[in-house]
1. For the list (1) at pLDDT 85 or above; (2) at positive phi; (3) not aliphatic (A, V, I, L, M), I need the number of the one condition that residue A:27 fails.
2. Just one of A:415, A:380, A:405, A:337 is more than 22 Å from residue A:283 (Cα to Cα), outside the structural domain of residue A:206 (by TED's automatic domain parsing) and hydrophobic (A, V, I, L, M, F, W, C); which is it?
3. Considering every residue within the stretch A:102-112, establish whether at least one is under 30 Å from residue A:155 (Cβ atoms), assigned to a helix (DSSP H, G or I) and of a type in the set (Lys, Arg).
4. Residues in the stretch A:240-257 that are within 14 Å of another protein chain (Cβ to nearest Cβ) and loosely packed, with under 15 Cβ neighbours inside 10 Å: how many?
5. When residues of the stretch A:474-494 are filtered for being assigned to a helix (DSSP H, G or I), within 18 Å of residue A:516 (Cα to Cα) and open to solvent by less than 60 Å² (accessible area, probe 1.4 Å), how many remain?
6. Just one of the numbered conditions (1) more than 9 Å from chain B (Cβ to nearest Cβ); (2) modelled with pLDDT of 75 or more; (3) more than 32 Å from the chain's Cα centre (by Cα); (4) open to solvent by 90 Å² or more (accessible area, probe 1.4 Å) is not true of residue A:51; which one?
7. For the stretch A:200-239, enumerate the residues that are of a type in the set (Val, Ile, Thr), surrounded by 15 or more Cβ atoms within 10 Å (Cβ to Cβ) and within 26 Å of the chain's Cα centre (by Cα).
8. Might you check whether a residue that is modelled with pLDDT of 95 or more, within 15 Å of the chain's Cα centre (by Cα) and among the charged types (D, E, K, R) occurs anywhere in the stretch B:83-94?
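The values are calculated or read from the model by the stated rules, or taken from the named source; none is laboratory data. Predicted model, so just to flag it, every value in this text is computed and none were measured. Please note: Cβ atoms are built from the backbone with ideal geometry, for glycine as well, and neighbour counts cover all protein chains shown. For the accessible areas, the whole protein counts, side chains as well, though only heavy atoms, and no ligand, DNA or RNA atoms are used. Shrake-Rupley method; radii C 1.70, N 1.55, O 1.52, S 1.80 Å.
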Amino acid sequence: MTSDPVGERQDVPAVSPAEEGEVPDARAIRRFTAQAGNARGGASLGALLSDVYYAVITLAIGIGLALGAAQALRVALPDEPAVHAPRGLSLPTLVVVLVVGLAGILVSLAGRLGPVGAGGAEASWWLSLPVDRRGLLRPAARRLPVVAALVGAVLVALLDAGLLSDAAGHVARVAVTAALAAAALVLLAAVLQSRGVRRSTTALVGDLLLAAAPVAAVVLALGDWSVRSVPTLPWVGAAGAALVVAALAVLVDRRLGRIPERSLRESGSVATQAVGAAVSLDSRELGRALTDGAAAPARRRTSRLRTARGAASALVTADLVVLRRSVRHVVQILVAALVPVLVTSVPQLASPFGVLLSVLVAGYVAMSATGEGARRAQMAPVLDRLLPLGLKSVRRLRMVVPGAAMLLWSLVAFAAVGRWTGGVAGWLALGVASTPVWAAAAVRSSYRPAPDWSGPLVSTPMGALPTGVGSVLARGPDVVVLGLLPVWVAILLRTVTPTLVTVQVLCAVVAVAVASSTATGTLLERMTATQEELEKQRREATR
Amino acid sequence: MPKNVSQPVVRAQDLLVGYGGAPVCAPVTFTLNLGKAVALVGANGSGKSTVLRAVIGLLDPSGGKLSVLGAEVDERDVAFRTAVASVLDDDAYFPALTVAEHLYLTARGHGMLGADELVSRLLEEFGLVEHARSLPVALSSGQRRRLLLAAGFARPRSLLVLDEPEQRLDRAMRDRLAQRLVDEKEAGGAVLLATHDPDLVLAVADRAVHVADDVTRVLPPGEAATLISRENP
């Protein structure tokens with residue numbers, strides 16, 4: 001701020017449309033808004049209790065199932081080998097690395113979402129009122145630390161129960177420690193927000209922490225250094241940590257009124273967009289909300305696309321610029337490349353199923369970071385019509401950058417798999433052959449149409465969903481699952497043959513052809529449409 | 001009335017505004033006193049709205065000096081929020097609150113004692129009587145714009161900041177708004193608005209500031225109106 005402090009503000013308004021009385025407190029404002037909403041939303045006490053009941057039951061069932069799965073996983077894990085593998089990683093070390101990565105994700109999300117924000121109507125209609133903003137923002141300020149504590153406790157408890165411990169007391173202590181740490185991290189982010197630290201800076205710290213976790217794990221594995229158990233707080237320590245968290249909560253509460261409206265509006269806007277995207281299962285929109293909404297307001301150096309020599313190379317260069325400018329996506333690809341390296345370094349996890357899962361999941365995570373250009377083109381179709389290229393050609397060209405990025409990912413990931421089986425060359429060949437499948441999946445998922453929520457409902461294990469939503473959401477993952485069948489077979493058999501590489505090349509060709517298609521309907525829908533068209537022609541011919 | 005009427009309500013001296021350290025327009029210099037109106041004019045994207053955002057505290061200036069009501073801009077200050085009313089292009093409403101309830105929220109939130117009478121008057125003035133019980137989802141974009149403008153007048157203020165208030169208003173409502181802003185000045189308030197409407201400039205503004213990339217100039221309203229007509233033939 002460069003203006004001079006020139007004195008006290010004149011505090012008597014020049015124009016008043018009516019006699020002024022006492023300004024109500026923030027709670028009264030909140031109550032007024034909530035009462036009107038409840039009255040029109042039909043939110044009776046019975047409906048509220050019913051919602052709470054279903055939420056608790058769903059949560060309990062979900063946690064119970066997850067704990068059961070974790071227990072089954074722990075039982076299925078092989079014992080720690082008697083002889084320590086050179087350049088291996090112990091399971092507790094991997095869990096510590098995962099926890100650090102989770103902390104990075106949490107800090108990054110806290111920065112991107114505020115953590116304190118006021119979205120939409122609240123920003124427009126509440127923040128201009130001359131009331132103590134702390135009272136208005138208190139519910140929003142509590143929300144994220146509480147959610148972080150719950151999610152942190154559940155995730156870390158599942159990690160502990162699934163991979164390390166069968167003692168309920170230990171799992172409970174780990175859960176409490178994780179809950180307190182998660183809440184403390186979010187509250188610290190809130191303190192930084194109230195001190196005017198940019199949200200993008202906090203998000204960057206989280207991203208770096210996330211990126212540092214697998215790198216540190218690789219360094220630890222190479223240095224042959226591991227921890228024997230996950231550090232936890234004793235109950236007395238947990239009580240002390242709880243006091244620290246409470247003190248942080250009080251500090252945040254006192255500083256809520258110091259958070260600039262600009263920051264509150266930006267955070268609120270990101271949170272609103274992100275929640276909307278999550279509820280409608282739109283991962284592309286969620287990515288846009290968390291990436292664009294939290295970006296630092298900086299002007300970019302104009303790229304003159306000097307390498308472009310025509311329409312095709314201009315498109316590819318533009319996609320490359322988009323990827324290069326998104327640090328989050330580059331970090332995502334790097335982190336994902338290290339996951340198979342880590343999994344193959346931990347003897348208990350390096351089973352064929354564990355390695356296959358790590359390759360598919362990490363590959364999908366990396367792949368989803370490469371299609372930003374295509375995603376933006378899906379949002380604004382005019383981008384694809386700017387150049388004198390057919391739509392199929394555009395889609396094929398949009399696979400070039402994802403293909404290049406996934407080639408680098410494949411070289412690292414499949415080298416790790418090769419090291420695990422004892423022969424690298426064949427696996428690298430399989431990795432290169434499978435790269436086009438990832439590129440095809442990136443483009444296919446980027447161009448998938450938005451789910452149509454207005455269709456007739458069908459009952460599913462996740463509740464009632466409109467027909468067709470599942471098939472839309474499966475566009476992209478379907479290519480990964482089917483197009484990488486040779487990789488599945490090779491990893492499960494722990495061997496690569498020339499035949500598998502050849503079949504993989506054929507699968508890649510089919511995947512590219514499928515992803516180049518501009519038809520938006522599912523296969524079933526297209527078959528039905530074709531059948532109806534044939535019926536129509538037949539009727540007309542008969543007539 | 002304010003304690004010190006001689007002091008400018010807004011004083012901008014070589015004010016630089018922008019994003020990421022890059023200014024969006026040339027430095028802006030102007031003063032605005034109580035009972036006066038200044039119009040910011042200029043082409044689309046010239047930086048008018050960005051200047052307004054700095055004045056109401058939604059953006060830190062990149063350089064120069066800016067004071068509002070004799071102190072530096074800080075929207076966290078309750079006195080600032082009491083004195084500065086702004087109507088930007090926020091198209092966000094509580095989905096369960098009616099038109100009238102949005103106005104009550106503003107009026108009662110600012111401690112207005114005659115809120116019933118005030119809200120009735122504003123509904124009448126802004127052509128919203130028939131929609132008083134409507135939820136925002138049922139309103140047209142023009143009606144939502146009128147609701148936002150009405151809310152700007154449902155509260156006490158020394159400075160009224162408006163970003164292109166003529167947008168989505170028909171001719172009659174534009175004329176009524178112009179008269180409302182003239183009344184605002186006569187009541188002792190200051191008005192700062194960004195606009196593309198030459199008639200609004202002529203009717204309301206005492207001076208205009210032409211915001212541009214190369215240089216910003218203070219113009220008499222007539223010259224500014226001509227400039228707008230030339231830029232938007």
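1. Going through (1) at pLDDT 85 or above; (2) at positive phi; (3) not aliphatic (A, V, I, L, M) one by one, residue A:27 breaks only (2).
2. Values: A:380 fails: more than 22 Å from residue A:283 (Cα to Cα); A:405 fails: more than 22 Å from residue A:283 (Cα to Cα); A:337 fails: more than 22 Å from residue A:283 (Cα to Cα).
That would be A:415, the only listed residue that is more than 22 Å from residue A:283 (Cα to Cα), outside the structural domain of residue A:206 (by TED's automatic domain parsing) and hydrophobic (A, V, I, L, M, F, W, C).
3. So the first thing to find is which residues in the stretch A:102-112 are under 30 Å from residue A:155 (Cβ atoms), and the list is A:102-112.
After this cut, where a residue has to be assigned to a helix (DSSP H, G or I) as well, the list is A:102-112.
Narrowing further to those that are of a type in the set (Lys, Arg): A:112.
Yes: the stretch A:102-112 contains one or more residues that are under 30 Å from residue A:155 (Cβ atoms), assigned to a helix (DSSP H, G or I) and of a type in the set (Lys, Arg).
4. Residues in the stretch A:240-257 being within 14 Å of another protein chain (Cβ to nearest Cβ) and loosely packed, with under 15 Cβ neighbours inside 10 Å: 1 in total.
5. If we filter the stretch A:474-494 for residues that are assigned to a helix (DSSP H, G or I), which is where we start, we get A:477-483, A:485-493.
Checking which are within 18 Å of residue A:516 (Cα to Cα) leaves us with A:477-483.
Imposing the further condition that a residue be open to solvent by less than 60 Å² (accessible area, probe 1.4 Å) reduces the set to A:477-480, A:483.
Matching residues across the stretch A:474-494 total 5.
6. Among (1) more than 9 Å from chain B (Cβ to nearest Cβ); (2) modelled with pLDDT of 75 or more; (3) more than 32 Å from the chain's Cα centre (by Cα); (4) open to solvent by 90 Å² or more (accessible area, probe 1.4 Å), residue A:51 violates only (3).
7. A:202, A:205, A:218, A:230
8. no
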